[in-house]
1. Looking at segment 91-144 only, could you name the residues that are of a type in the set (Ser, Thr, Tyr) and either touching a helix residue (DSSP H, G or I) at 6+ places or on another chain (Cβ under 7 Å) or closer than 27 Å to Leu56 by Cα (or both)?
2. Can you tell me which residue is modelled with the lowest pLDDT among those in segment 148-175 that are surrounded by fewer than 20 Cβ atoms within 10 Å (Cβ to Cβ) and either under 17 Å from Leu249 (Cβ atoms) or within 22 Å of the chain's Cα centre (by Cα) (or both)?
3. Tally the residues that are over 20 Å from His101 (Cα atoms) and aliphatic (A, V, I, L, M), restricting the search to segment 154-181.
4. Pick from Val186, Val207, Val201: which is among the aliphatic types (A, V, I, L, M), assigned to a strand (DSSP E or B) and closer than 24 Å to Ile289 by Cα?
5. Residues of segment 188-205 being without any contact (Cβ under 8 Å) to a residue 60 or more places away in the chain and either under 19 Å from the mean Cα position of the chain (by Cα) or surrounded by fewer than 20 Cβ atoms within 10 Å (Cβ to Cβ) (or both), which ones?
6. Among the listed residues Asn208, Asn223, which satisfies the condition of being touching an Asp or Glu at 6+ places or on another chain (Cβ under 6 Å), touching a residue at least 12 places away in the same chain (Cβ under 8 Å), farther than 14 Å from Leu134 by Cβ and outside the structural domain of Ile312 (by TED's automatic domain parsing)?
7. Determine whether Asp141 is more than 30 Å from Ala281 (Cβ to Cβ) and at pLDDT 95 or above.
8. Residue by residue through segment 232-253, note down the ones that are of a type outside the set (Ser, Thr, Tyr) and either part of a strand (DSSP E or B) or within 13 Å of Phe204 (Cα to Cα) (or both).
Amino acid sequence: MQRLRHAFGALLAGFALFASAPANAQTWPTHSVRFILPLGPGSGVDISARLFADKLSQVWKQPVVVENKPGGDGVLAITTFISAHDDHVLLFAPTSSFTAHPLQHEKMPYDPADLSPLARISNTVVVFAVPASLDVKSVDDFVARARAEPGKLNYTTATGVTDFIFDAYFKSEKIAITRVPYRDTVQALSDLGEGRIQAYVGAFAIVNPHVQSARVKIIGITNSARAPMLPDVPTVTQAGFPALTFDGLTGLFGPRDTSAAIRERVGKDVQAAAADPTIVARLTATGQIVSPGNGAEFAAETKGQQDKAAAIGRQLGIKVAQ
């Protein structure tokens, strides 16, 4: 009889646990939510985060606070997010801010498994830009000129995995071209406009003002699909350089132990918010393609970028950090 009572009690506990799972998602969030960002105010990610924070706070009936934590090549934001150990603290970040970390650090400062993709939000348009005064009209022209003038051309890219993608390509093709590192993107674009460097690869939103002032021109985009705001600009794949393809994906990440119910809830709510015409218009104006997706889709794409970074590391002879 005692065993029967224990078994019955365990059964009731199991039913209670099962019944509580949907409530967990329905009642979450129980207090304010924090979005931790690896970039500063005014960046494309910051604009996106604030638009979604405003929209989701209405849906979740709780404040959504945006916290900018730039610095340390994204590590500061990531470690702040992980150390919170709270499913109300989410990382709002581009995948490029961390997919190259195993190549950039001798020892990883965090466990990548602690970043659990919840929802894809957008795809940042990344452009291949050159000085307006440079006599090249395409990526093919630029590569041909770099071959013909070994060691004479300089270029730079946005920090992160794009550095490694371009370094690996030029090394594999035995093209002698110098990469100039910059801490300040503003200075890089100023030098690009003046012709002190001959190519820059980075977000369209940052480059566009220099295009409008006729100091810089765009000859390609690294995204896998053409950008609606640049209908006449081919992708690097269309130009014949698929090895240079890179999609600047941005999305939300939760803690490793985020429940399945909350993962599903956040994914659905983000996708619904992304259908808001105001959000679509604002993000398009900042050079982003709104492309909401669920956690599983975002996880697969994130892993694909991590795998590509690892392959580039092997090609460049860089030991991947553990």
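The values are calculated or read from the model by the stated rules, or taken from the named source; none is laboratory data. Remember, predicted model here, so these are calculated numbers, not experimental data. Neighbour counts run over all protein chains shown; Cβ positions are idealised from the backbone, glycine included.
1. Let us first name the residues in segment 91-144 that are of a type in the set (Ser, Thr, Tyr), namely 95-97, 99, 110, 116, 122, 124, 133, 138.
Once the filter is applied, which keeps residues that are of a type in the set (Ser, Thr, Tyr) and either touching a helix residue (DSSP H, G or I) at 6+ places or on another chain (Cβ under 7 Å) or closer than 27 Å to Leu56 by Cα (or both), segment 91-144 yields Thr95, Ser96, Ser97, Thr99, Tyr110, Ser116, Ser122, Thr124.
2. Taking the candidates together, the pick is Thr159.
3. Restricting attention to segment 154-181, the residues satisfying the condition of being over 20 Å from His101 (Cα atoms) are 154-155, 170-178.
Now narrow it down to the ones that are aliphatic (A, V, I, L, M): 175-177.
Result for segment 154-181: 3.
4. Working: Val186 fails: assigned to a strand (DSSP E or B); Val207 fails: assigned to a strand (DSSP E or B).
None of the other options fit; the residue is Val201.
5. Listed by number, the residues that qualify are Ser190, Asp191, Arg196.
6. Details: Asn208 fails: touching an Asp or Glu at 6+ places or on another chain (Cβ under 6 Å).
Only one candidate qualifies: Asn223.
7. On the way: more than 30 Å from Ala281 (Cβ to Cβ): yes; at pLDDT 95 or above: yes.
Considered against the rule, which asks whether it is more than 30 Å from Ala281 (Cβ to Cβ) and at pLDDT 95 or above, Asp141 comes out as yes.
8. Of segment 232-253, the ones of a type outside the set (Ser, Thr, Tyr) are 232-234, 236, 238-244, 246-249, 251-253.
Those that are of a type outside the set (Ser, Thr, Tyr) and either part of a strand (DSSP E or B) or within 13 Å of Phe204 (Cα to Cα) (or both): Val233, Asp247, Gly248, Leu249, Gly251, Leu252, Phe253.
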